[in-house]
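The values are calculated or read from the model by the stated rules, or taken from the named source; none is laboratory data. Computed from a prediction, not measured in an experiment: that's the story for all the values here. With ideal geometry, Cβ positions are generated from the backbone for all residues, glycine too; neighbour counts draw on all protein chains shown. Accessible surface is based on the protein model in full, side chains and every heavy atom, while ligands, DNA and RNA are left aside. Shrake-Rupley method; radii C 1.70, N 1.55, O 1.52, S 1.80 Å.
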Amino acid sequence: MSFLIYFLIILIIPIWAQMRVKSTYSKYAKVPTSSQLTGAEVARKILDDNGLYDVRIEEIKGTLTDHYDPRDKTVRLSSGIYHGRSMAASAVAAHEVGHALQDAEEYGFLKFRTSLVPLANFGSNAAFFIIFAGLIFNWMDLLLLGIIFMSFAVLFQLVTLPVEFNASSRAMDQLVSMGIITNMEERDTKKVLDAAALTYVAAALVAVAELIRFILIFLANRE
């Protein structure tokens, strides 16, 4: 029973979250906004209204590959979002600009997450190898070291949640206050943002489940 629950968490939930995002995006990518602004225009409008004239907007390849890069102050939007005049395009573009607003205001969780990047990257890449080496050679100190490194990757996933939720909240505030969407469009815009947030929640659940599993293995072997 416990294995089934674990299987559901690490496999079914992420797949369901991805399907939900794709279906929601596909649906609202076909629904135009009353403002008829492209995603790029929405992003530029919000950035300029907040005095972030130095933040650039670039088009990138792929679908839902949108992101904000704090290193060179650039909002990168996938082609469908960059040129799209839909509810999905406005929501996603505004969300990424939300990260630029966080960066400009030195939002605490964003700064903390950025500081975790080196350790989180190392933990994601090396933790499993260290853990399995510890299990194979029955070296509990090595297993514990792997768990510690994995914990940084898990912490990164957890800190990502408030960062993403806050970016979505900022996006909604900007879209509404600037009149980019109407009151009638708020509900559908929120559906797009909520669906995207599910992927981060799913990733955090999987990360926590993996960490707990290895902690339990470590404790069981010590006994």
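Structure values in brief
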{"quantity": "Residue 210 being of a type in the set (Asp, Glu) and touching a Phe, Trp or Tyr at 6+ places or on another chain (Cβ under 7 Å)", "calculated": "no"}
{"quantity": "Evaluation of residue 19 against (1) surrounded by fewer than 22 Cβ atoms within 10 Å (Cβ to Cβ); (2) of a type in the set (A, V, I, L, M); (3) more than 20 Å from the chain's Cα centre (by Cα) (one fails), failing number", "calculated": "(3)"}
{"quantity": "The stretch 24-57 - residue that is of a type in the set (Gly, Ala, Ser) and open to solvent by less than 10 Å² (accessible area, probe 1.4 Å) and, of those, nearest to residue 177 (Cα to Cα)", "calculated": "43"}
{"quantity": "Residue in the stretch 75-98 that is loosely packed, with under 13 Cβ neighbours inside 10 Å and not polar (S, T, N, Q) present", "calculated": "no"}
{"quantity": "Residues that are over 16 Å from residue 48 (Cα atoms) and in contact (Cβ under 8 Å) with a residue 12 or more places away in the chain, drawn from the stretch 87-111", "calculated": "87, 88, 89, 91, 92, 107, 109, 110"}
{"quantity": "Whichever residue in the stretch 60-117 is assigned to a strand (DSSP E or B) and either touching a Leu at 6+ places or on another chain (Cβ under 8 Å) or among the charged types (D, E, K, R) (or both) and, among such residues, is modelled with the lowest pLDDT", "calculated": "69"}
{"quantity": "Residue ID - farthest from residue 67 (Cα to Cα), chosen from residues in the stretch 37-53 that are without any contact (Cβ under 8 Å) to a residue 60 or more places away in the chain and assigned to a helix (DSSP H, G or I)", "calculated": "48"}
{"quantity": "Complete set of residues in the stretch 108-130 that are open to solvent by 80 Å² or more (accessible area, probe 1.4 Å) and either on the phi > 0 side of the Ramachandran plot or hydrophobic (A, V, I, L, M, F, W, C) (or both)", "calculated": "109, 112, 122, 129"}
{"quantity": "Checklist (1) within 25 Å of residue 118 (Cα to Cα); (2) without any contact (Cβ under 8 Å) to a residue 40 or more places away in the chain applied to residue 143, failing item", "calculated": "(2)"}
{"quantity": "Only one of 121, 166 that is of a type in the set (S, T, N, Q) and either at pLDDT below 95 or touching a Cys at 6+ places or on another chain (Cβ under 9 Å) (or both)", "calculated": "121"}
{"quantity": "Residue match in the stretch 187-207 (condition: in a loop (DSSP other than H, G, I, E, B) and either buried (at least 21 other Cβ atoms within 10 Å of the Cβ) or modelled with pLDDT of 90 or more (or both))", "calculated": "no"}
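Yes/no per residue for (1) at pLDDT 95 or above; (2) over 30 Å from residue 216 (Cα atoms); (3) acidic (Asp, Glu):
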{"position": "125", "(1), (2), (3)": "no, no, no"}
{"position": "135", "(1), (2), (3)": "no, no, no"}
{"position": "138", "(1), (2), (3)": "no, no, no"}
{"position": "141", "(1), (2), (3)": "no, no, yes"}
{"position": "158", "(1), (2), (3)": "yes, no, no"}
{"position": "172", "(1), (2), (3)": "yes, yes, no"}
